[in-house]
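Structure first, commentary second.
The numbers here are math on the coordinates, done by the rules we state, and not lab data. This structure is a prediction, so every number in the text was calculated from the model and none was measured. In this analysis, Cβ positions are derived from the backbone assuming ideal geometry, glycine residues included, and neighbour counts consider all displayed protein chains.
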């Protein structure tokens with residue numbers, strides 16, 4: 001099932017064409033990585049899908065429904081979740097309280113503040129934490145967590161309104177290599193279980209080529225190529241434009 005269809009979207013800022021005729025699709029349960037050098041148009045494309053930017057032309061369809069130009073909150077209500085490059089959690093609240101706040105928002109009760117919020121769907125919050133392997137730390141304040149664990153809490157919060165599509169903006173930024181792989185393996189498992197599509201931008205090539213189902217390579221605001229990770233590794237255009245003479249993952253060594 002085609003969950004997300006991006007059809008020839010373009011965006012210019014003044015005289016600079018940031019994205020031009022960008023098209024790709026994402027299936028339910030699939031992880032699609034957007035990669036490219038700085039200035040390739042990844043963030044602009046990502047933000048047009050999420051509603052932070054309105055395309056100058058083209059369409060964005062979610063499960064066949066046109067969401068082009070809708071506000072981020074309206075897109076969120078249609079089943080699009082998001083995580084950020086810098087994790088967005090409340091450091092002074094406990095892990096479970098953070099997820100309860102996300103559930104309050106999903107239930108449109110965000111102004112039902114403490115003390116009623118303290119008991120709001122606590123069982124559901126704990127179940128979400130169990131999905132991301134954080135239930136054992138439910139009562140710890142987020143300020144006491146390692147950064148990799150904070151990212152897991154943010155993932156649980158993003159899942160609180162049961163999204164069909166999850167947008168992840170450089171989800172592993174600032175994490176150690178082992179943490180990066182573990183987070184994206186977890187994300188992939190959840191995506192399969194929920195039939196949830198995941199669109200993510202990422203600079204870590206070990207994550208992209210090890211965890212994505214497909215990769216879309218952007219260069220100078222245009223889609224250069226897309227396909228499986230192996231196809232993109234072997235594509236001479238990708239090697240020349242982005243990867244250099246060849247791709248070496250972080251857990252590999254450069255040949256002598």
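Based on the mean of other beta carbon atoms within 10 Å per residue, what is the order of 79-86, 164-171, most packed first?
164-171, 79-86
Calculate, in whole percent, how much of the Cα-Cα pair population of the range 86-220 lies beyond 26 Å.
The proportion of pairs with Cα distances above 26 Å equals 23 percent.
Residue 222 to residue 2: extension gain in nm, 0.36 nm per residue of separation minus the Cα-Cα distance?
Extending this stretch completely gives an extra 77.0 nm.
Put one equal scatterer on each alpha carbon of the range 173-221, apply the Debye formula with no solvent term, and list log10 I(q)/I(0) at q = 0.16, 0.17 1/Å to two decimals.
Ignoring solvent entirely, the Cα scatterers give -0.48, -0.54.
Dividing the Cα convex hull volume of the range 90-160 by residue count, how many Å³ per residue is that?
Output value, Cα hull per residue: 71 Å³.
Where the convex hull is taken over the Cα atoms of the range 5-123, what is its projected area averaged over directions, in nm²?
9.5 nm²
Among 225-238, 124-137, 193-206, how do they line up from the highest to the lowest mean number of other beta-carbon atoms within 10 Å?
193-206, 124-137, 225-238
Averaging over all projection directions, find the projected area of the Cα convex hull of the range 15-82 and quote it in nm² with one decimal place.
5.0 nm²
If you take the beta carbon distance between residue 108 and residue 16 as r and set R0 to 45 Å, what does 1/(1 + (r/R0)^6) give as a FRET efficiency, to the nearest 0.05?
The value I calculate is 0.70.
Taking the Cα-to-Cβ direction at residue 88 and at residue 71 and moving 7 Å from each Cα, how far apart do the two end points lie in nm?
The two pseudo-label positions are separated by 1.4 nm.
Taking the chain as the reference, fit the longest principal axis to its C-alpha atoms, fit the long axis of helix 177-194 to the helix C-alpha atoms, and give the angle between the two in degrees, 0 to 90, nearest 10.
Taking Cα atoms only, the helix is inclined about 80 degrees.
Out of all DSSP beta bridges with both ends in the chain, state the antiparallel percent to the nearest 5.
Of those bridges, close to 55 percent are antiparallel.
Rounded to the nearest 10 degrees, what's the angle between the helix 147-158 long axis and the longest principal axis of the chain, both from Cα atoms, 0 to 90?
The angle comes out near 80 degrees.
Give the residues of the range 148-175 whose amide nitrogen is closer than 19 Å to a point set 7 Å from the Cα of residue 135 in the direction of its Cβ.
The answer is 149-150, 152-162, whose backbone nitrogens lie closer than 19 Å to the label point.
Kindly give the semi-axes, whole Å and largest first, of the ellipsoid equivalent to the chain, taking each as the square root of 5 times a Cα gyration tensor eigenvalue.
32, 23, 15
Hey, what angle do you get for helix 122-131 against the long axis of the chain, alpha-carbon based, 0 to 90 degrees rounded to 10?
Taking Cα atoms only, the helix is inclined about 30 degrees.
Counting each DSSP H run of 4 or more residues in the chain as -39500 (n - 2.57), what helix-only mean residue ellipticity at 222 nm follows after dividing by all residues, to the nearest 500 deg cm²/dmol?
Estimated from H runs of four or more residues: -9000 deg cm²/dmol.
Ranked highest first by the average count of other Cβ atoms within 10 Å around their residues, in what order do 2-13, 93-104 fall?
93-104, 2-13
Can you tell me the length gained on complete extension of the stretch residue 63 to residue 240, counting 0.36 nm per residue apart and subtracting the Cα distance?
Stretched out fully, the residue 63 to residue 240 stretch lengthens by 60.2 nm.
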